[in-house]
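The values are calculated or read from the model by the stated rules, or taken from the named source; none is laboratory data. Keep in mind that this is a model prediction, so the values were computed, not measured. Virtual Cβ from ideal backbone geometry, glycine too; neighbours counted across all protein chains shown. Just so you know, the surface numbers come from the protein's heavy atoms only, side chains and all, with ligands and any DNA or RNA stripped out. Shrake-Rupley method; radii C 1.70, N 1.55, O 1.52, S 1.80 Å.
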Amino acid sequence: MYPEILYSNTFTLLAEAEVGKHFYWDIAGFLVHGQVLVVIWLVLAILIVFSLLGSSNAERIPHGWQNFMESAVEFVTDIAKDQLGESFYKEWIPFIGTLFLFIFGCNWAGAVIPWKLIELPEGEFAAPTNDINTTVALALLTSFAYFYAGLSKKGFGYFKRYIEPIPLLLPINILEDFTKPLSLSFRLFGNVLADELTISVLTSLVPLVIPLPIMLLGIFAGSVQALIFSTLAAAYIAEALE
């Protein structure tokens, strides 16, 4: 009898870990996910404040926030330089850096801030990257970026790559341009969502001890996902510039 009760309670808790509920805002006739926008604005505000703190009263020997922000810029610069090479990396540092810092901030906001304490009429606050719309938007921006990179360097000659080395590869090369944003968006979305669902279930089952290492693992995984996304974006841009 007791095992049956335990299994029943477990499946009840799993069923309560719902995916896809949102607090909708009606803006000019368009329904948008309000809780996602709020967290995005918060992340952007934090990044802007950190940038201002790091760049105001800059000194030759950095310390405090200036040292922290310069380390972040150097890290992003290394990502761009490793993928794009010495010739092209400088002009793409702002784009690659924005991708990395934004995804990093969103993932950490979902893992560190106790959003569960804030109740909404529908849905809940969480990392914006656990919403497929956010990750698809980031992936499409990356696609536009590497198309722009190829066209700006080679003009319409960029499209010759679709029939190289032989014209028979045209369908495969076209399909590749669809699979790149799909893989970028679903990889980020799936990892962040899976981490939040795991923490939600474990917190419901064992609320004190077990979720803590899982939360730390989620913070680490969120940082890795930001690195992977920005590195792949730089690699795709480098491929277009070859």
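The accessible surface of the stretch 68-117, taken with every protein chain in place and a 1.4 Å probe, is 64 percent carbon and sulfur. Based on the Cβ-Cβ distance from PHE68 to ILE172, what FRET efficiency comes out when R0 is 41 Å, to the nearest 0.05? Calculated value: 0.40.
So what is the relative contact order for the chain, in percent, with contacts set as C-alpha pairs under 8 Å and at least six apart? It comes to 26 percent, rounded to a whole number.
Around the amide H of TYR24, modelled in the peptide plane, lie the amide H atoms of GLY34, all under 5 Å away and 5 or more residues distant in sequence or on another chain.
A crude spin-label estimate for the pair ARG60 and THR179, with each label 7 Å from Cα along the Cβ direction, gives 5.4 nm.
Of the GluC sites (Glu not before Pro) found in the stretch 114-223, those that fall in a DSSP loop while having at most 16 other beta-carbon atoms within 10 Å are GLU119, GLU122, GLU124.
In the context of the full protein assembly, LEU193 retains an accessible surface of approximately 30 Å², using a probe radius of 1.4 Å and ignoring ligands and nucleic acids. Accessible-area rank, largest first, for TRP25, TRP108: TRP108, TRP25, with all protein chains present and a 1.4 angstrom probe. What label, among (i) -0.41; (ii) -0.34; (iii) -0.89, belongs to log10 I(q)/I(0) by the Debye sum over Cα atoms at q = 0.08 Å⁻¹ computed from the structure on display? Comparing each candidate, only (i) matches the computed number. Within the assembled protein chains, the solvent-accessible surface assigned to ILE27 is about 80 Å², based on a 1.4 Å probe.
Residues whose amide H falls under 5 Å from that of ALA127, counting only those 5 or more places apart or on a different chain, are GLY110, with hydrogens built in the peptide plane. Counting lysine pairs in the chain whose alpha carbons fall under 28 angstrom apart, excluding pairs fewer than 8 residues apart on the same chain, gives 14.
Sorted by accessible area with a 1.4 angstrom probe, largest first, how do THR142, THR231 fall?
Working: THR142 0, THR231 40 Å².
Ranked list, largest accessible area first: THR231, THR142.
These residues, LYS90, LYS180, go from largest to smallest accessible area, 1.4 Å probe, as LYS90, LYS180. Hey, can you list the DSSP H helices of the chain whose Cα span along the axis is 15 Å or longer and whose average Kyte-Doolittle score is at least 1.0? Helices passing the filter in the chain: 34-55, 89-112, 211-241. Answer rounded, prolate or oblate for the stretch 124-187, using the Cα gyration tensor with square roots of eigenvalues a ≥ b ≥ c: rounded when a/c is under 1.5, else prolate when a/b is larger than b/c, else oblate. Because a/c hits 1.5 or more and a/b fails to exceed b/c, the stretch 124-187 counts as oblate.
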